[in-house]
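Just so it is clear, none of the values below were taken in a lab; they were calculated from the coordinates. The structure presented is a predicted model; accordingly, all values stated were derived computationally and were not measured. Ideal geometry is used to build each Cβ from the backbone, glycine not excepted, and the neighbour counts take in all protein chains shown.
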Amino acid sequence: MFFADIPGIVGATCIVLAFWLLTHKVVHSHSKWYLGLNLAGGILLAFDGYVHASIATFALNAIWVAIAIYGLGFAHKRKDKK
């Protein structure tokens with residue numbers, strides 16, 4: 001295993017963990033934990049795609065990161081209104 005593969009493995013683990021927690025109703029889709037795990041996973045997988053020159057992987061995860069950031073902003077605004 002190359003050192004550069006570790007962020008990709010950790011990133012994939014974050015995203016799968018977030019999905020597992022969601023399907024087992026430990027978190028909900030607007031929770032900061034769920035969105036944070038998706039953000040961390042997306043960043044790490046985007047880095048992995050960049051290192052390995054995989055444009056598709058990089059692009060997909062860059063979009064994943066943007067959605068997670070938007071979701072965190074939305075979750076923050078929604079909490080402030082309560």
Once phi for every residue in region 40-53 is put through the Karplus expression 6.51 cos²θ - 1.76 cosθ + 1.60 (θ = phi - 60°), the whole-Hz ³J(HN,Hα) values, with Gly and Pro written as x, are 4, x, x, 4, 5, 6, 5, 4, 4, x, 5, 4, 8, 6
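What full-extension length gain, to one decimal in nm, is calculated for ALA4 and TYR70 as 0.36 nm per residue of separation minus the Cα-Cα distance?
Details: separation 66, 0.36 × 66 = 23.76 nm, distance 2.78 nm.
Separation in residues times 0.36 nm, less the Cα-Cα distance, equals 21.0 nm.
Compare the peptides 57-68, 32-43 by average per-residue count of other Cβ atoms within 10 angstrom and give them in order, highest first. Provide the component values of the computation, followed by the final result.
On the way: 57-68: 16.8, 32-43: 20.6.
Per-residue Cβ counts within 10 Å, averaged per peptide and sorted highest first, yield 32-43, 57-68.
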Using the Kirkwood radius over Cα pairs, work out the Stokes-Einstein diffusion coefficient for region 9-50 at 20 °C and 1.002 mPa s, in µm²/s as a whole number. 213
Quick query: amide H of VAL27 versus all other amide H atoms, modeled in the peptide plane; which residues come in under 5 Å with a sequence gap of 5 or more or a different chain? LEU22
Considering the dipole of the chain built from charges on the beta carbon (Lys and Arg +1, Asp and Glu -1) around the Cα centre, which of ALA40, SER54, PHE2 is farthest to its positive end? ALA40
Compute the semi-axes of the equivalent ellipsoid of the chain, taking the square root of 5 times each eigenvalue of the Cα gyration tensor, and list them largest first in whole Å. 26, 14, 8
